[in-house]
1. Based on Cβ point charges of +1 for Lys and Arg and -1 for Asp and Glu, what charge dipole magnitude is obtained for the chain about its Cα centre, in debye rounded to the nearest 20?
2. Would you please classify the overall shape of segment 267-340 from the alpha carbon gyration tensor, given that a ≥ b ≥ c denote the square roots of the eigenvalues, rounded means a/c under 1.5, and beyond that prolate means a/b larger than b/c while oblate covers the rest?
3. Extending each Cα 7 Å along its Cβ direction at LYS434 and GLN44, get the distance between those two points in nm, one decimal.
4. Accessible area of segment 191-322 with a 1.4 Å probe: how many percent of it is carbon plus sulfur?
5. Suppose every Lys and Arg Cβ carries +1 and every Asp and Glu Cβ carries -1, with no other charges. What dipole size does segment 51-135 come out with about its Cα centre, to the nearest 20 debye?
6. Let me check against my output: what whole-number percent is the relative contact order of segment 137-229, with C-alpha pairs under 8 Å and at least 6 apart?
7. Where in the chain is the longest stretch that carries no GluC sites (Glu not before Pro) classed as loop by DSSP and with at most 10 other Cβ atoms within 10 Å?
8. If a helix is a whole DSSP H run, which ones in the chain reach 27 Å or further along their own axis (Cα) and hold a mean Kyte-Doolittle hydropathy of at least -1.0?
Amino acid sequence: MIERKLFEFKHTYQSLPQPFFKKVNPSAVSNPKLVFWNEELAKQLKIDPAALDKEELAELFVGNQLFKDSEPIAQAYAGHQFGNFTMLGDGRAILLGEHVLKNNSVLDIQLKGAGITPFSRGGDGRGTLSSMLRELIMSETLHQLNIPTSRGLAVVSTGDQVYRQTVEMGGILTRVATSHLRVGTFEYARRFLDQNALEQLLDYALERHYPSGLASENRAKALLEFVMDKQIQLIVNWMRVGFIHGVMNTDNFTISGETIDYGPCAFMNAYFPGTVFSSIDRQGRYAYGNQPAIGQWNLSCLAGALLPLFHENEKIAIDMAEQLLNKYPEKFKTEHALMLARKVGFETSNEEIARFVSLFLQFLEKHRIDFTNAFLYLESSTYQSYVQHHEDWEMIKGKWKELLKSNNISEEQAIAIMQKNNPTIIPRNHNVEKALLEVSKKNEFTFFKSFMAQLKDPYSRSDRPVEFMLPPEGGDAGYKTYCGT
Ligand code: AMP
Ligand code: MG
C-alpha cells in the first residue's frame, strides 16, 4: 500500500490543556472529486502529491482517508458575535495537523466543511461547493494583493447534497493558516478555564507568532501590542483595496493578524463608506467604513480576556490595558493616512496630501465613483472609460498634479508608487457570482479559470479583459452575501 504521507505533521496545539480541543474524525462523503488544486501553494509548502493518484487525493482532502500522522481535532473557542458573547468552536472545520516548514515554523492544515464536531450546535458541519470556492477566490486574491490571509490548498466536491436556501453540492476546502488562534480563543479561556490555562495559551500564542514577546516583562501587554499592530496593518490593507470582511466577530479575528473566515465578505465597487453586503448585518456594524472602529472594539475584548495576566490588581490591570487601547485611534489614523498617500503616489503623508485625499474621496462618494478604477484614472488617462464621467475630474487631476509639484515628486515617481498600491483587478461581486454559478451548477470551469488567472497578478498594468475591470452595469446596491453558506 502507498504510504499516504504528504505533510510533515506536528501537533503543537495539543500541548495546550485538553479543554482547548476535542478529538474528532472527519465524516465520510460519498463521491469526492478534486475541483481545485493550488499548485503554487503546494510548492511553497514543499509538498509533492505525485505519488498519490487523483482519486486518492480527493479521498484524502475530504477526510475519507487520513494522511499519515494526522491527529484530527476541532478547536474550542468563544466569541462576540455582533456584540454578544457566545460559546462557539469549530463547528465544521477539522484540523488535521500542523505542517512543519524547513525553518521550523508550522502551518495549520484544516478541512473546512468536513462534518459534524462536538461544537456544531445543530449545524450540519458542511459547506457548499460554491461557498468553499468563494473563500478560495477571496483568500487567494488577498494573498496576491500582499494582504495577510489564510489560503486554500484544495477544493473537493463531496458528491453529497447540502441543504441551504436551495439544495446545493457539498464542498470541502483545505485551509492553510499560520494558526487559527482567535481573540475568541482567549475569551474562551478567560470565561470557562482557569488562569493557568489562560497563561498557557498566552505563551503558546507568543511562541507561535511573536517569540520575541516571551522575554518581555509583561507578556500579556506584549501580545496585545503585537496583535494591535498586526490588526491595524491588516484593516488598513483591507481599506486600501475596498475589502469588506463582513463578519468581524471576535471569533473571526486572528492573533496572527491574518484574514480568516471568509463568509459574507465582498469588495466594494462604488466608493461609499457605509457599504454593507452581508444579509444579516442590518445595522451596518461591519460596514466598510466601520472596520477601523470594530478593530479597536475587538482588541478591547482581547484586552479584557488577558486582564488577569496584565496585573493581579484589577484596577491597575484595567489602567494598563486602557492606556494601550487608547493608542489605537492615533496609530490607525497614521497608518491609514500613509496608505491613502501611497494610493495617490507618495511615500509619506502630510497635511496637504491628506487634504487632497479627503477632497478626492468626497468626490468619489458624492458621485458614487468606482473606488478601484478612480485611482487608476488618476494614474493614467488609459483608464478613462472605466470610471464614470464627471466634469470635476479635470479639476481633481489638476489639483493632483499641483500636489506632485509642491511636494517635488515627478509623475513617474508617483506612478511607480501607485502601481504597487492600487490593483487593476478585484474580484467584483458579479464576476464572483458568475464563476461560482458556472462551476457549481454547470461544472463549467472556463470563466472561473480565466478569472483566477487574472487575479493572480492584481497589480499588473498589462491589458485585461474589460469584463474583469468594470463594475456591474447599474451598480450592485441590491447585492447580498450570506454567512456560513
Ligand atoms: P462563521 O460565521 O463561519 O465564522 O461561523 C460561526 C460559527 O458557526 C463557528 O463556530 C462555525 O464553526 C459555526 N458554523 C458555521 N457553519 C456551520 C455548519 N454548517 N455546521 C456547523 N457549524 C457551523
Ligand atoms: Mg468563524
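1. 420
2. Oblate, since a/c reaches 1.5 and b/c is not below a/b.
3. 2.8
4. For segment 191-322, the apolar C and S fraction of the accessible surface comes to 47 percent.
5. 320
6. Value for segment 137-229: 15 percent.
7. Of all site-free stretches, the longest is 4-216.
8. For the chain, where a helix must reach 27 Å along its axis and average at least -1.0, the hits are 219-241, 291-310.
The values are calculated or read from the model by the stated rules, or taken from the named source; none is laboratory data. Quick caveat: nothing in here was measured; it's all calculated off a predicted structure. Reconstructed Cβ throughout: ideal geometry from the backbone, glycine too, with neighbour counts over all protein chains shown. We work out accessible area using only protein heavy atoms, side chains counted, and drop any ligands, DNA or RNA first. Shrake-Rupley method; radii C 1.70, N 1.55, O 1.52, S 1.80 Å.
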